[in-house]
Each structure stands twice: as structure tokens, then as C-alpha cells.
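Following: one structure in C-alpha cells, then a few remarks.
Just so it is clear, none of the values below were taken in a lab; they were calculated from the coordinates. Note that the structure is predicted; figures quoted are calculated from it, not measured. Counting neighbours? That spans all protein chains shown, and the Cβs are built from the backbone with ideal geometry, glycine included.
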Amino acid sequence: MRYIRTSAYRSNRHTSLPATLTAISAILLAGPASAEVYQSAKADFRLVTVAEGLEHPWSIAFLPDGSQLVTERSGRIRLITDGELAASPVANAPEAAAQGQGGMLDILLHPEFGQNNILFVSYAHRNREGLTTRVDRAQYRDGALHDRKTIFEAEPRSSNGRHFAGRMVIPGDGYLYVAVGDRGDMDRAQDFGDDAAAVHRITIDGKVPDSNPFVDRDDARPTLFTKGNRNIQGMTLHPDTGAVWSHEHGPRGGDEINIIEAGVNYGWPKITYGIDYSGARITDKTEMEGMAQPLHYWDPSIAPSGMAFYTGDAFPQWQGDLFVGALRSQKLVRLTIDDEEVQGEEDLLTGYGERLRDVRMGPDGVLWLLTDSANGKVVQLVPAE
């Protein structure tokens with residue numbers, strides 16, 4: 001295992017993110033806790049299965065009434081209320097192309113969802129020209145999406161069914177950040193006239209902010225915020241600074257954690273700590289002038305997916321730690337962070353035997369996980385006692 005730290009490209013945002021905490025007793029009503037106690041260096045915990053029977057769940061959002069919306073990669077959005085999975089999926093969801101790694105992807109509530117009911121859904125979309133990543137905005141009411149509108153579509157399309165990315169966040173600046181993968185074609189990653197391998201920044205109506213870093217470049221897509229990101233599968237906001245943190249899949253090795261900053265080129269495939277799946281070398285360079293170094297990287301690859309900073313009261317020992325799920329390695333990784341540097345790493349749930357697709361900090365003060373399988377689960381981590 002190798003990792004690298006850098007102090008470059010630090011964020012200067014200082015937006016605080018409030019954490020809504022409720023009693024742990026309410027958590028335990030959600031479902032039966034596993035009898036097995038999982039141990040970590042700082043805290044022991046059990047697992048609570050909130051719901052199961054989901055088809056490759058991909059993302060979860062927490063509604064103000066205590067229920068949850070979960071996307072299934074197969075193309076549905078499901079509602080969970082008091083641990084019960086609604087029989088009918090959410091109506092009027094976009095038609096997602098469940099092909100390869102594509103399908104229904106991320107779901108994100110507007111920060112003022114309690115007042116406006118607005119949410120965003122990313123998904124793979126197919127037409128005669130091929131596949132791409134799309135984002136729709138809609139209002140959620142009475143088990144359905146209303147006034148749904150496509151506000152972002154990555155161009156150009158391709159026939160490839162890989163690396164759609166799809167993760168989204170809305171930081172303190174109020175803009176929507178959307179990750180798009182390289183679509184399985186590394187040559188697109190450094191083409192600034194291509195939407196692939198990037199983080200895009202748009203308004204909640206899908207317009208281009210005047211402050212975007214490449215908006216005045218004739219050879220660049222105006223929604224680009226960053227470039228050179230291979231396939232971002234986790235995005236979250238730092239609870240103290242409000243900075244956007246992400247992680248992305250490398251090839252064989254070279255999975256990265258980065259802080260997303262305006263105009264930064266993260267290097268793929270000009271620099272990487274990984275090699276091709278065939279074993280061939282992609283490049284002999286791990287750094288290059290004008291390209292950011294990762295905050296942390298994994299070699300060999302763990303295939304990270306989902307990430308969240310812990311901000312709850314149930315595990316005070318974990319305060320400020322960063323949690324990352326892993327698909328290939330089937331584990332949960334806990335990273336200790338100090339001043340934007342990774343100081344330590346611990347593997348959790350190594351015997352659980354599940355691919356972890358999403359990791360979220362719940363409003364109830366505990367971590368929530370989604371398992372990636374045909375019989376996927378929604379699971380909580382609760383204190384052992």
C-alpha cells in the first residue's frame with residue numbers, strides 16, 4: 001500500500017455544514033442489528049439492515065420526514081419509510097440506460113429541499129447517437145417526480161458502457177458540481193473540448209456560471225470546472241471548510257483522493273500511479289508540471305465508491321475521519337485526516353463480503369452504506385452497545 005500527500009491546491013472556502021443529530025434509540029428501530037460485533041482501532045460497532053431486496057442500489061438521499069430515496073442502477077428510484085421498501089418505484093423517473101456500468105446513478109437533494117422539494121438525478125442516457133451522462137432536475141412530491149427537466153448532458157456521446165461517473169454535490173457557492181468519467185477512452189481526458197473526465201459546474205437551472213475557470217476559452221467546454229479525472233465515484237463536502245473532496249478509480253492501482261479546485265488538471269492519463277489492466281505501462285510519469293498530485297492514492301486498487309466525513313455523535317472517536325467504500329476490495333476504509341493530509345488508514349468490514357457502493361453520513365448521526373448486488377441492502381453502522 002502506497003500513498004502520497006500534498007499541500008497543493010488547498011481550498012479557501014469556509015462554509016460550515018450543519019449536522020442534524022437524533023437519538024441512537026431511533027436508529028435501532030430501523031431493523032435488526034447483526035449479532036456480530038465489528039472492531040476498529042477506535043470503536044466497536046454492529047450493522048443494522050434497514051432494507052434489502054434492492055437491485056444494485058447506487059445512491060441514497062435522506063428526506064426531511066425521515067424516509068430515504070435510493071436509486072437502483074437498473075433504472076428505478078425507491079422509497080424507504082420506517083424500514084419498509086415501497087412496492088412501487090417513484091413515478092416519472094428518467095429512463096436510464098442500464099448498460100455496462102450505466103443506469104440510474106446519483107440522487108441529490110437541493111440544500112433547501114424542505115422548502116422547494118427540488119432534487120437532482122444523474123443517469124446514463126441512450127439515444128441513436130450513443131450513451132452519455134445526464135442530470136435531471138425535478139420536484140419530488142407524493143411518490144413522483146414532477147416538472148422534470150434535463151439540465152446537463154455530457155458531449156459527445158459514445159457507444160462505450162464504462163466510466164459514466166455521475167456523483168454530484170452542491171457546496172456553499174450554491175452551484176451544482178457534476179462528475180463525468182472518461183467514458184472508457186483515456187484519450188478524451190485531456191481534450192478540453194470534450195466533457196469527459198471532468199467535474200462540471202452549473203447553476204441549478206443548468207446555466208453556465210460566469211466565474212467558471214474555462215468559460216472564456218474558445219477551445220474548452222464552458223461548464224468545465226476541472227479536467228483529467230478518470231472516473232469519480234465519490235464526492236463529499238468537508239464539514240469544516242466546505243471544500244469538495246472526491247475519489248476516482250485508477251486503472252490497476254492509482255485510485256486517488258483529491259480536493260476539487262477550480263481550473264485544476266488532475267492529470268489522467270498523462271500522470272498516474274497505476275498501470276493498464278493488461279499490465280502495460282500507461283505512462284512513466286507520476287507527476288508533471290501543471291498537474292495536481294493526489295492527496296492520497298491506493299496501489300493496488302481498491303475500486304473506491306462512496307465517501308463521507310463522519311460528523312455524528314454516536315462515534316465521537318471517529319469525528320472528522322473520512323470513510324470510503326470499496327467495490328473490488330469489499331471493505332470500508334477509515335482515513336484519519338489532519339490539515340488536509342491523510343495520517344492513517346484502517347480497513348473495516350473486511351469479512352462482510354459485500355461490495356460497498358455508497359457511504360453516507362446520515363442525519364441520525366451514523367454512517368449508512370449501500371451494498372452493490374442483485375439483492376442490495378441499505379445498512380447502518382451503530383455502536384456495539
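Eigenvalues of the Cα gyration tensor times 5, then square-rooted: what semi-axes does that give for the chain, in whole angstrom, largest first? Present the calculation step by step, with values, prior to reporting the outcome.
Working: eigenvalues 174, 126, 78 Å².
Value: 30, 25, 20 Å, ordered largest first.
Mind checking region 270-306 for chymotrypsin sites (Phe, Trp or Tyr not before Pro) that DSSP puts in a loop (not H, G, I, E or B) and that have at most 16 other Cβ atoms within 10 Å?
Details: sites: Y273, Y277, Y297, W298; in loops: Y273, Y277.
For chymotrypsin sites (Phe, Trp or Tyr not before Pro) across region 270-306 that sit outside H, G, I, E and B with at most 16 neighbouring Cβ atoms in 10 Å, the list reads Y277.
Place a point 7 Å from the Cα of H146 along the Cα-to-Cβ direction; which residues of region 97-117 have their backbone N under 20 Å from it? Counting only backbone N, you get 108-117. Residues of region 125-144 falling in the label zone of E112, defined by backbone nitrogen less than 16 Å from a point 7 Å along Cα to beta-carbon, are 138-140. Computed from the alpha carbon atoms alone, the convex hull of region 39-111 holds 150 Å³ per residue.
Entry note, the chain: the mean residue ellipticity at 222 nm calculated from DSSP H runs of n ≥ 4, each adding -39500 (n - 2.57), is -500 deg cm²/dmol after division by the residues and rounding to the nearest 500.
Apply 1/(1 + (r/R0)^6) to the Cβ-Cβ distance of S74 and T49, taking R0 = 22 Å, and write down the FRET efficiency to the nearest 0.05. Don't skip to the end; give the middle numbers.
Numbers: r = 20 Å, r/R0 = 0.92.
Working from the Cβ atoms, E equals 0.60.
Here the Gaussian network model covers the chain, with springs between Cα atoms less than 10 Å apart; of P209, P239, P89, P209 fluctuates the most.
Please compute the length gained on full extension between D347 and S159, using 0.36 nm multiplied by the number of residues separating them and subtracting their Cα-Cα distance. Please report the intermediate quantities before stating the final value.
Details: separation 188, 0.36 × 188 = 67.68 nm, distance 3.66 nm.
Once the chain is fully extended between D347 and S159, it gains 64.0 nm.
Couplings for region 314-323, taken from phi via the Karplus curve 6.51 cos²θ - 1.76 cosθ + 1.60 with θ = phi - 60°, read 5, 10, x, 5, 9, 3, x, 6, 9, 10 Hz in order; Gly and Pro are left as x.
Taken over region 198-344, the ratio of Cα radius of gyration to 2.2 N^0.38 Å equals 1.11. Placing a pseudo-label 7 Å from each Cα along the Cα-to-Cβ vector at S278 and V208 gives an inter-label distance of 3.7 nm.
Looking at region 46-135, the trypsin sites (Lys or Arg not before Pro) that sit in a DSSP loop and have at most 16 other Cβ atoms within 10 Å of their own Cβ are R128.
Near T336, within a Cβ-to-Cβ distance under 11 Å, what is the net charge of the other residues, with Lys and Arg +1 and Asp and Glu -1? Write down the numbers at each step before the final one.
Working: positive: K42, R334; negative: D321, D338, E341, E345, E346.
Net charge in that neighbourhood comes out at -3.
On a 24 Å Cα-Cα criterion, which of the cross-link pairs K207/K270; K42/K331; K149/K227; K270/K331 come out too long?
Working: K207/K270 31 Å; K42/K331 17 Å; K149/K227 26 Å; K270/K331 29 Å.
Table pairs above 24 Å Cα-Cα are K207/K270; K149/K227; K270/K331.
Modelled this way, with points 7 Å down the Cα-to-C-beta line, the labels at R328 and D173 are 3.2 nm from one another. Take the Cα of D185, step 7 Å toward its Cβ, do the same at E95, and the gap between the two points is 2.4 nm.
Compute the separation of the alpha-carbon centres of region 251-313 and region 82-100 and state it in Å as a whole number. Region 251-313 and region 82-100 have Cα centres separated by 32 Å.
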